[in-house]
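Here's the structure, in C-alpha coordinates; my notes come after.
The values are calculated or read from the model by the stated rules, or taken from the named source; none is laboratory data. Please read these numbers as outputs of a predicted model, since none were measured by experiment. Virtual Cβ from ideal backbone geometry, glycine too; neighbours counted across all protein chains shown. Areas reflect the complete protein model, heavy atoms only, side chains present, ligands, DNA and RNA absent. Shrake-Rupley method; radii C 1.70, N 1.55, O 1.52, S 1.80 Å.
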Amino acid sequence: MPENTGKSPEQLDRLRRRAAFLRELEEARALRARIHPRRTRVRQLRQAMRRATYHH
(Lines give C-alpha, C1' and ligand atoms only; values in the text may rest on other atoms or scores of the structure.)
Protein backbone atom coordinates (compact mmCIF):
# COMPACT_ATOMS: atom_id res chain seq x y z
CA MET A 1 0.00 0.00 0.00
CA PRO A 2 1.34 3.45 -0.83
CA GLU A 3 2.52 5.62 2.01
CA ASN A 4 0.19 8.20 3.48
CA THR A 5 0.33 11.23 1.18
CA GLY A 6 -1.04 13.75 3.65
CA LYS A 7 -4.65 12.59 3.41
CA SER A 8 -6.79 12.68 6.50
CA PRO A 9 -8.18 9.43 7.94
CA GLU A 10 -11.65 10.45 6.71
CA GLN A 11 -10.37 10.87 3.15
CA LEU A 12 -8.56 7.51 3.30
CA ASP A 13 -11.69 5.80 4.61
CA ARG A 14 -13.76 7.38 1.83
CA LEU A 15 -11.26 6.22 -0.80
CA ARG A 16 -11.30 2.67 0.63
CA ARG A 17 -15.12 2.59 0.59
CA ARG A 18 -15.18 3.98 -2.96
CA ALA A 19 -12.69 1.34 -4.15
CA ALA A 20 -14.78 -1.42 -2.55
CA PHE A 21 -17.95 -0.04 -4.15
CA LEU A 22 -16.33 0.10 -7.60
CA ARG A 23 -15.06 -3.49 -7.21
CA GLU A 24 -18.55 -4.70 -6.27
CA LEU A 25 -20.10 -2.73 -9.13
CA GLU A 26 -17.72 -4.38 -11.61
CA GLU A 27 -18.54 -7.82 -10.16
CA ALA A 28 -22.26 -7.11 -10.53
CA ARG A 29 -21.81 -6.01 -14.15
CA ALA A 30 -19.79 -9.15 -14.92
CA LEU A 31 -22.48 -11.33 -13.33
CA ARG A 32 -25.22 -9.55 -15.30
CA ALA A 33 -23.22 -10.04 -18.51
CA ARG A 34 -22.98 -13.79 -17.86
CA ILE A 35 -26.66 -14.14 -16.98
CA HIS A 36 -28.03 -11.99 -19.86
CA PRO A 37 -25.50 -12.16 -22.70
CA ARG A 38 -28.02 -10.88 -25.28
CA ARG A 39 -28.89 -7.80 -23.20
CA THR A 40 -25.18 -7.14 -22.72
CA ARG A 41 -24.55 -7.38 -26.46
CA VAL A 42 -27.48 -5.04 -27.22
CA ARG A 43 -26.24 -2.56 -24.57
CA GLN A 44 -22.73 -2.60 -26.06
CA LEU A 45 -24.07 -2.04 -29.60
CA ARG A 46 -26.21 0.89 -28.42
CA GLN A 47 -23.26 2.46 -26.63
CA ALA A 48 -21.09 2.03 -29.73
CA MET A 49 -23.76 3.69 -31.90
CA ARG A 50 -24.07 6.54 -29.40
CA ARG A 51 -20.30 7.06 -29.48
CA ALA A 52 -20.21 6.87 -33.29
CA THR A 53 -22.94 9.49 -33.71
CA TYR A 54 -21.75 11.93 -31.05
CA HIS A 55 -20.45 15.21 -32.44
CA HIS A 56 -18.76 17.98 -30.46
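Under the combined filter of DSSP loop state and at most 14 neighbouring Cβ atoms within 10 Å, the chain retains these GluC sites (Glu not before Pro): GLU3. Express the carbon and sulfur contribution to the solvent-accessible surface of the chain as a percent, rounded to the nearest whole number, probe 1.4 angstrom. Of all accessible area on the chain, carbon and sulfur atoms account for 54 percent.
Entry comment: accessible area of the chain is 103 Å² per residue, from protein heavy atoms only and a probe of 1.4 Å. Restricting the trypsin sites (Lys or Arg not before Pro) of the chain to loop positions (DSSP other than H, G, I, E, B) with no more than 12 neighbouring Cβ atoms within 10 Å leaves LYS7.
At each listed q (0.18, 0.21, 0.23, 0.28 Å⁻¹), what is the log10 of I(q)/I(0) that the Debye formula gives for the chain modelled as equal alpha-carbon point scatterers? Result of the Debye calculation: -0.75, -0.82, -0.88, -1.06.
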